[in-house]
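Everything on this sheet refers to the single structure shown next.
The values are calculated or read from the model by the stated rules, or taken from the named source; none is laboratory data. A quick note: this is a predicted structure, and the numbers were derived from the prediction, not measured. Virtual Cβ from ideal backbone geometry, glycine too; neighbours counted across all protein chains shown.
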Amino acid sequence: MAPMPSEFLYNNIYNIQMQQSEDRKEQFLKALGSVIETLRNTKNKSARLISYETGITKSVWIEMERGYTNSQIVTFCKIAEALGVPPGELLTLVYKKLPDNFSLLE
């Protein structure tokens, strides 16, 4: 049985929206990776040293720099956008709730 025209239209619109969402996510991750790599190089740190400091394997770190890995930052940004605040502001608000010397690095 052939899909109803409205179902067919809905499926096509949904697929287009999903592809656009993936394109935006890829664009975001590539930009994030570029910034991470630039900052690492500015600090004269190797990917190996950063991976040691963060507990993130070197291969995952390199994938993040290339924009291949979603490090859950996209989800964080979506939460911020849904709440109507820039991601940086949301992160600032989170850090204001923590002790001054708080660090996720051990």
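Brief remarks follow.
- Boolean, LEU98 is exposed (fewer than 12 other Cβ atoms within 10 Å of the Cβ), in contact (Cβ under 8 Å) with a residue 12 or more places away in the chain and not in a helix (DSSP H, G or I): no
- Test for THR75: is it among the polar types (S, T, N, Q) and not assigned by TED's automatic domain parsing to the domain that holds ARG40: yes
- If you filter segment 16-42 down to residues that are of a type in the set (S, T, N, Q) and modelled with pLDDT under 85, you find that the one that is nearest to the chain's Cα centre (by Cα) is GLN27.
- Out of GLU53, GLU37, sole residue that is farther than 21 Å from GLU26 by Cβ and of a type in the set (D, E, K, R): GLU53
- Extreme residue, farthest from GLN27 (Cα to Cα), among residues of segment 56-95 that are hydroxyl-bearing (Ser, Thr, Tyr) and exposed (fewer than 15 other Cβ atoms within 10 Å of the Cβ): TYR95
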